[in-house]
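Presented below is the structure to which this report refers.
The values are calculated or read from the model by the stated rules, or taken from the named source; none is laboratory data. What you are looking at is a predicted structure, and each value in this text was computed from that prediction instead of being measured. Cβ atoms come from the backbone with ideal geometry, glycine included; neighbour counts cover every protein chain shown.
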Number of protein chains: 4
Amino acid sequence: MKKLSVAILGATGSVGQKFVELLSDHPWFELTELCASERSVGKKYKEATKWVMPSSLKTEIGNKEVLPCEPNLKSKLVFSALDSSVAGEIETEFANNGYFIISNSKNHRFDSDVPLLIPEVNHEHLELIKNKSGAIVTNPNCSTIGLALAIKPLYDAFGIESINVVTMQAISGGGYPGVPSMDILDNVVPYISGEEEKMKTEPLKILGKFSNNSIENAKIKISAQCNRVSVIDGHLENVQIKFKNKPSKEDIIKVWTEFISVPQTLGLPSAPKKPIYYFEEDHLPQPRLNRNLENGMAVSIGRLRDCEIFDYKFVVLSHNTVRGAAGGTLLAAELMKAQGYLNGIIDE
Amino acid sequence: MKKLSVAILGATGSVGQKFVELLSDHPWFELTELCASERSVGKKYKEATKWVMPSSLKTEIGNKEVLPCEPNLKSKLVFSALDSSVAGEIETEFANNGYFIISNSKNHRFDSDVPLLIPEVNHEHLELIKNKSGAIVTNPNCSTIGLALAIKPLYDAFGIESINVVTMQAISGGGYPGVPSMDILDNVVPYISGEEEKMKTEPLKILGKFSNNSIENAKIKISAQCNRVSVIDGHLENVQIKFKNKPSKEDIIKVWTEFISVPQTLGLPSAPKKPIYYFEEDHLPQPRLNRNLENGMAVSIGRLRDCEIFDYKFVVLSHNTVRGAAGGTLLAAELMKAQGYLNGIIDE
Amino acid sequence: MKKLSVAILGATGSVGQKFVELLSDHPWFELTELCASERSVGKKYKEATKWVMPSSLKTEIGNKEVLPCEPNLKSKLVFSALDSSVAGEIETEFANNGYFIISNSKNHRFDSDVPLLIPEVNHEHLELIKNKSGAIVTNPNCSTIGLALAIKPLYDAFGIESINVVTMQAISGGGYPGVPSMDILDNVVPYISGEEEKMKTEPLKILGKFSNNSIENAKIKISAQCNRVSVIDGHLENVQIKFKNKPSKEDIIKVWTEFISVPQTLGLPSAPKKPIYYFEEDHLPQPRLNRNLENGMAVSIGRLRDCEIFDYKFVVLSHNTVRGAAGGTLLAAELMKAQGYLNGIIDE
Amino acid sequence: MKKLSVAILGATGSVGQKFVELLSDHPWFELTELCASERSVGKKYKEATKWVMPSSLKTEIGNKEVLPCEPNLKSKLVFSALDSSVAGEIETEFANNGYFIISNSKNHRFDSDVPLLIPEVNHEHLELIKNKSGAIVTNPNCSTIGLALAIKPLYDAFGIESINVVTMQAISGGGYPGVPSMDILDNVVPYISGEEEKMKTEPLKILGKFSNNSIENAKIKISAQCNRVSVIDGHLENVQIKFKNKPSKEDIIKVWTEFISVPQTLGLPSAPKKPIYYFEEDHLPQPRLNRNLENGMAVSIGRLRDCEIFDYKFVVLSHNTVRGAAGGTLLAAELMKAQGYLNGIIDE
């Protein structure tokens, strides 16, 4: 199979670097073009970026020349790691010019014709772009993704009335340079701009029902409180749920551990074998111990117990820059390719 | 005024050291005796302990000989920083032998004749030991204290139906050596043994009504989720409240910022001028920036905002080893002395 | 005594904030004017700065209007916390217009008529500005100061041929926002731009001999290796020395612990009672335990032992933002005032 | 090829766990027996240990019963992660009973008939155990290994007179629970018991010449200063060298980057393709970015520059629990097998 040529917009930032890392040896995609802001254009990638990934930058990629973020690329499949201050217009321009763009930015997440996609959760929302010759698909916020994966099988099985979530989020979620060390060493910051709003709105679209070519939002009361903690990677969340039909603990764990979805059935290259793991040990999951489960693509859950106010409470962990950003976006691209949404650009 | 001689049980541990630090220059109390387990008895204090406080150990205290934890001390006022594995019996023995013992240990907190005391919150509970010639008074758990101070004025003014709290607790709460660095660097541990149980039961006694020489517990639904984070000192809590009579935000902030209680009226040496401070800035309070407010004796609150599920949510911070342990216990002793509870031992 | 009016240039940065903190209750100086870059001019100080000091910002200072860094201030004594990209010209302009400016910036440190001052080490260098009606005095680099204080008494007593130093420096040395958390959490960065060069040159001027109104540099071979570590405050240094006349360990410790200088004799308000403390314990000094000794103005030394290559090796700790920046600068101002260098501006 | 059965002594500690992790899928060795102290004997491994590795414990290994550390094992090749308080006698007993034991403990490192082995550096020292039917082979201290690998090719090419090294060592070097978090968060500890002594003596044996069935120590002056820093994995070292024949920088980098040795030639499964990597970037190597190079088995070097006192200075990084402990020991076992030293036990 000939690999499909892909490009990255915003390739020099930390999410951009994670894309480079994950695409450096991908079975379906060939990383061909690296685009960034004017400041970097014309430089070699290795000189335009301060590489901070734990793996080494491949020589052939480091030597590529950085291109401007303009829709004259050879690659018609484009991953966007652009900052939200510029992503909105650029992404629209690419879509209007026949590109399929999968974005980590918040700008188009609530556009009515744009899927807010987690491949295991709402693959059917891709129908919003059916037969389009160019489109935007968005990846939810990193703290939403772990939560949405944890609640999807429960929502389907038992119905959910309300969700209360408190996050303890990793610094990598703030990008690079991002969170100043003076702010977070020996500290917690109980505020992340815009984050609580995203967490209470995005799950409603993600869990929404697709019909008549539009999405009807789910009806769940959600309250989110978001904190930044001194952790490199891995968002940990304390979650409480009130169900429509209260299940037993055993029911819940069974639903979680048996959950598989389309990406697993299709055997997509980046799909975890199982999207959800439940840990019986009291002290798990923990960011440093569990974030890399299934190459960072699985969600770890633990401590399911009765709640004095809601029905149950539990702890969810997911890798914010893999499952919550670059890895999730890559899985979306794989799903789109496997389901034929990219057929129009494959022969070009 | 002649200073009252005091002793510390469990003087070599980290809470013991904090007592030594706070008592090293106290206007009312003279630190006379340092007691610890058999392993330390007979050694000079400075050799029996590995001093980890940020201030220097005073030479005269460092040279004191460590005594056994037996009720033959000169000091009749005794601070206990004993481990709960031994505190129960030893404290009872001291109380039965005419000592007033103020303890940080959990063992006697729910004894019906033992006050679970936060001086600003339930000073009237001290009447449980009125006219006694020896007694135990206990200090609540470090994570309970910040919460109880924050909710006391709200409880009195508006009534409370339910409280939902998620904590992010400092490592000093685990003592020394306590939390292994391998467990907490680049990590969060979403579990602290016994902590959630304490947080949902202790506030009910603390906010209970004293009448007929006993305490009638408050009736509030409380759910607590406790996490350990990579912070030296300062427990941060995300709190949500459903009131009996829902006040406005302005009402709540007014009640908090105007709150003073008996320790303030009496001008006790360790009392903060104000027990509660409210911060308007979105990003406050933070452990490293606010924990030392009023020498660590004040509680910092911020981010009061509407909640989608409860009435309001906000953030509380308190210093766990000062307000939450040694400092709070010292304030209890000052209150007891100022109100005459120690008169029986003052002439001795 | 009427307090002398003082101003701060670069008041909104982290060193500027430390100046504000230290000057908020000074017996000799009255903080009158706060100056910063154009972006902040005209705003209230509390709105122009993101206050990150552990103490609260005083209301009356927070409400002051930020002024431009121009030499039309009422205060003739000015503390400069300007960034080196702009400090050079601005400081010269102030000096030329009759101001006494004490600077933390590197720009003028090697000007032949500018003292590079550590009050306990080279107070006599102030004669460079004798009878001047405006002048620049500079504070050395934060990592140099601890080293220079530790070696000054040894240099005077025994002569020094060579010094080998490896630093482990706190993140606060990088200012705010400064070091990104992604760079330093679970990490060490073995490089600080320009730092090694400063450490090998500055001590030579500081230890230089003043004669004929100029300074003759000391002749010592110095090698420095500088690392950034995950510490908030406090630079730790591993030092090795080859002496001209090798003393015994006892000689060295005696010279250190007996060392006092002019600031101590004059009883300057910010002077530590003793500039140097020696710790016998193997595991000391440590940043978190010892950096605040004497309000951060004393240097802590420990682990003096034989060296297989040099004569001796030992460990030095000093507080980089207090002794190494704002506190040291303030002490310099106190020395200048006590010795009459500021007489020309006191009556104004 | 039938896999060779192996056992681990001290399997429940942190080095023991790292052995379990590395052996869980080894092409030559089959992890058959897990041994530990009396407290663990008889329990399932997963219940006897608190697993803290970032990968999951394999079910079949977790279910193995822990055996006592007694020489009645089926496996004749044994990895020892025993604490030095007990390792001495137990290891001798095993060797005397026909076992080949490869140890991380310090006890036998300087026995005249025991190789202190780094496979790339002194493979010829294995001849000390030639024709033996049971023997001890030891792995050097974790901080020695990175240094020895970095200097071996320089020593051979140019001769070395003296080495000055300052280490910044990761907390995992202290085992589990090991370093208390209260000691290392926001801190550096400038002392590690016994470490400096090991670093100045072990390289002399490692670089020693094998002849007449004994090892003649190298003659190099070494001074070591050891610090513990807030890093999970990866020892960083600031190294200075005075050569016998001073090479150019280019010579040094060429010698490093071209260095390969017997493990590379033999293609041992755990051998890195290249043992040494040189980084040109000023800010590298860093523990978090480079420690996992070649699965943690390669050494990263950077910042080679002229020294004012020695000839050159540079920075070395190596992974302390992989290359410096379990991984290095495993490589030693592979070398022994490939060179026939284990032939006597292979048919059993």
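General remarks:
- Qualifying residues in region A:175-202 (those that are among the polar types (S, T, N, Q) and in contact (Cβ under 8 Å) with a residue 40 or more places away in the chain) - the one farthest from A:SER112 (Cα to Cα): A:ASN187
- Test: B:GLU161 is in contact with a strand residue (DSSP E or B) (Cβ under 6 Å, 6 or more places away or on another chain), touching a residue at least 40 places away in the same chain (Cβ under 8 Å) and surrounded by fewer than 24 Cβ atoms within 10 Å (Cβ to Cβ): yes
- Among the residues here, B:ASP183 qualifies as in a helix (DSSP H, G or I), over 19 Å from the mean Cα position of the chain (by Cα), within 14 Å of chain D (Cβ to nearest Cβ) and charged (D, E, K, R).
- Condition met for D:TYR176 (modelled with pLDDT under 95, within 14 Å of chain B (Cβ to nearest Cβ) and outside any helix (DSSP H, G or I)): yes
- Candidates D:SER143, D:SER75, D:SER80, D:SER105, filtered to the one that is buried (at least 21 other Cβ atoms within 10 Å of the Cβ), within 22 Å of D:PRO272 (Cβ to Cβ) and among the small types (Gly, Ala, Ser): D:SER143
- No other residue among D:LEU147, D:LEU154 is within 24 Å of D:VAL255 (Cβ to Cβ), away from every other protein chain (no Cβ under 14 Å) and in contact with a Ser or Thr (Cβ under 9 Å, 6 or more places away or on another chain) apart from D:LEU147.
- Checking each residue in region A:206-251 for being more than 11 Å from chain B (Cβ to nearest Cβ), touching a residue at least 40 places away in the same chain (Cβ under 8 Å), closer than 28 Å to B:TYR312 by Cα and surrounded by fewer than 22 Cβ atoms within 10 Å (Cβ to Cβ) picks out A:LEU207, A:GLY208, A:ALA218, A:PHE243, A:LYS244, A:ASN245, A:LYS246.
- Test: residue in region D:306-321 that is farther than 23 Å from C:ILE192 by Cα and surrounded by fewer than 24 Cβ atoms within 10 Å (Cβ to Cβ): no
- In the set D:LYS274, D:LYS254, D:LYS198, only one residue is touching a strand residue (DSSP E or B) at 6+ places or on another chain (Cβ under 9 Å) and not polar (S, T, N, Q); that residue is D:LYS198.
- Number of residues in region D:83-102 that are without any contact (Cβ under 8 Å) to a residue 24 or more places away in the chain and either outside the structural domain of D:LYS18 (by TED's automatic domain parsing) or loosely packed, with under 15 Cβ neighbours inside 10 Å (or both) equals 4.
- Among the residues of region B:273-305, those identified as over 22 Å from A:ASN227 (Cα atoms) and either within 11 Å of chain A (Cβ to nearest Cβ) or surrounded by fewer than 23 Cβ atoms within 10 Å (Cβ to Cβ) (or both) are B:LYS273, B:LYS274, B:GLU294, B:ASN295.
- The listed residues are C:LYS3, C:LYS18, and the only one of them that is surrounded by fewer than 17 Cβ atoms within 10 Å (Cβ to Cβ) and not polar (S, T, N, Q) turns out to be C:LYS3.
For (1) under 22 Å from D:GLY173 (Cα atoms); (2) in contact with a Phe, Trp or Tyr (Cβ under 6 Å, 6 or more places away or on another chain); (3) touching a residue at least 60 places away in the same chain (Cβ under 8 Å); (4) hydrophobic (A, V, I, L, M, F, W, C), each residue gets a yes or a no:
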{"position": "D:VAL15", "(1), (2), (3), (4)": "yes, no, yes, yes"}
{"position": "D:PHE19", "(1), (2), (3), (4)": "yes, yes, yes, yes"}
{"position": "D:LEU57", "(1), (2), (3), (4)": "yes, yes, no, yes"}
{"position": "D:LYS76", "(1), (2), (3), (4)": "no, yes, yes, no"}
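- Residue match in region D:333-345 (condition: polar (S, T, N, Q) and within 14 Å of chain C (Cβ to nearest Cβ)): no
- If the condition is being more than 26 Å from A:ASN164 (Cβ to Cβ) and of a type in the set (D, E, K, R), then region B:287-308 contributes B:ARG288, B:ARG291, B:GLU294.
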